[in-house]
Structures are given as structure tokens and as C-alpha cells.
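One structure below.
Laboratory data are not the source of any read-out in this text; all were calculated from the coordinates shown. Since we're looking at a predicted model, the values are computed, not measured. Cβ coordinates were reconstructed from backbone atoms using ideal geometry, including for glycine residues, and neighbour counts include every protein chain displayed.
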Amino acid sequence: MKKILITGVQGSGKTTQANLLAEKKGLSLVKAGDLLREFIKGDSEASKMAASLMEQGELVDDQVLAELVKSKFEELKDAKGVVVDGYPRRMSQMAQYDPNFDIVFNLDISDEVGVQRLIERGRADDTPEAIQKRLAWYHQETEPVLEHYRMKGILIDIDGEKEIEEVDKEIMSH
Ligand code: AMP
């Protein structure tokens with residue numbers, strides 16, 4: 001099973017590109033945010049805790065998310081391939097569960113362009129405070145994960161400020 005990660009700051013277009021890639025190549029999608037939004041519908045203490053962290057733009061507990069992603073991968077074990085959006089977002093998550101990606105696409109955009117795109121998107125958890133917090137943790141926590149993949153030789157940088165079709169073409173060319 002081929003495992004692909006698409007990463008980038010909020011507003012980089014990673015979800016759009018993950019959708020396009022999965023659709024065009026007939027791959028399954030695993031989205032950390034969707035797994036969590038499903039999880040917080042439950043009424044366990046862990047669900048309530050995760051809901052409150054998400055509302056504030058904080059990262060949820062590593063163990064909770066690693067479990068959700070791991071069981072999703074088990075469910076998809078016979079799939080042709082998987083495109084992942086949103087996991088791992090920090091090194092400690094990789095220590096919990098490492099999907100062993102074959103290739104990682106990094107959609108590179110400036111913080112300013114990302115924030116502008118989010119303002120246009122207008123999702124409920126896109127408050128100015130949450131946006132700033134997510135940017136800060138991306139730089140602090142997610143960038144070391146990218147460096148790890150760069151050292152491994154599986155990271156490909158893509159200019160995420162280009163048009164959707166251009167970015168898609170570049171991803172598809174690999
Ligand atoms: P997303 O839909 O990817 O923008 O994720 C929405 C929210 O889910 C984030 O703001 C975080 O609160 C939480 N979340 C998503 N992925 C992760 C992750 N890998 N680790 C911790 N929290 C996450």
C-alpha cells in the first residue's frame with residue numbers, strides 16, 4: 001500500500017490537494033481533522049477534552065489521535081494507497097504511531113497568504129486567536145517533523161501559492 005502525506009500550514013491547500021490526488025489516483029483519504037470531528041461526537045471524557053482543545057486551536061492528545069489514525073490504517077489495509085492530511089503534526093505523534101510514508105508533499109506558502117485564505121474560508125474554528133495558535137504550533141511542532149522527512153529523503157517541496165491546478169499538476173508529476 002502506497003502511503004502519501006500532504007502537509008503545509010493552514011490555508012496551504014493541503015486538504016484540496018489531498019482530495020484531488022486521492023480522486024485522480026483512486027486512493028483512500030485519511031484526514032486527522034475528520035477523525036477527530038467524528039470522535040468528539042461521543043460523550044466520553046476524552047471526547048469532551050478533545051472538543052475543547054480543538055475549539056481553542058490547540059493540538060489534541062497524541063495517544064487519542066494516534067489510536068484513531070492507526071485503526072483507520074488497519075481498516076484500509078487492502079486499499080491501493082492512502083493520502084493522509086493532518087498527521088503527524090508533531091514528533092511525539094510519530095513516536096506513538098508512524099505510518100511509514102513513501103512520499104511527503106510539503107505545500108510551501110507564507111503565513112500571510114495562509115491567513116488571508118482562512119479569512120475567506122470562514123470555518124467556525126477559524127477565530128483570529130485559533131489561527132495564530134495553529135500557525136505558532138505548526139512552526140514549532142510540525143516543522144521538525146518535516147525536517148525528519150527531509151533527512152529521510154522523501155520530502156518534496158511544492159510552491160503552494162500557485163493556482164490549484166498548477167499545484168495539482170506538480171504533485172501528479174511525481
Ligand atoms: P484540520 O481539520 O486538519 O484543520 O484539524 C482541525 C483541528 O483538529 C486542529 O486545529 C487540531 O485541534 C486538531 N488536530 C488535527 N490534526 C491533529 C494532530 N495531528 N494532532 C493534534 N491535533 C490535531
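On inspection, ALA46 fails the criterion of being near the ligand (Cβ under 10 Å from one of its atoms) and among the small types (Gly, Ala, Ser). A count restricted to the range 115-174 and to residues that are of a type in the set (Gly, Ala, Ser), buried (at least 17 other Cβ atoms within 10 Å of the Cβ) and under 19 Å from ILE4 (Cβ atoms) stands at 1. Is one or more of the residues making up the range 49-62 within 13 Å of the ligand (Cβ to nearest atom), hydrophobic (A, V, I, L, M, F, W, C), under 16 Å from GLU141 (Cβ atoms) and touching a residue at least 60 places away in the same chain (Cβ under 8 Å)? Yes, the range 49-62 has at least one match. Scanning the range 100-142 for residues that are acidic (Asp, Glu) and within 14 Å of the ligand (Cβ to nearest atom) yields a total of 4.
Does VAL84 satisfy being touching a residue at least 40 places away in the same chain (Cβ under 8 Å) and within 15 Å of the chain's Cα centre (by Cα)?
Taking the combined requirement at face value, the residue satisfies it.
Screening LEU107 against (1) surrounded by 15 or more Cβ atoms within 10 Å (Cβ to Cβ); (2) in a helix (DSSP H, G or I) leaves a single unmet condition, (2). Given the criteria over 24 Å from SER28 (Cα atoms), surrounded by 20 or more Cβ atoms within 10 Å (Cβ to Cβ) and within 14 Å of the ligand (Cβ to nearest atom), does GLY86 qualify? For GLY86, the condition - over 24 Å from SER28 (Cα atoms), surrounded by 20 or more Cβ atoms within 10 Å (Cβ to Cβ) and within 14 Å of the ligand (Cβ to nearest atom) - is not met.
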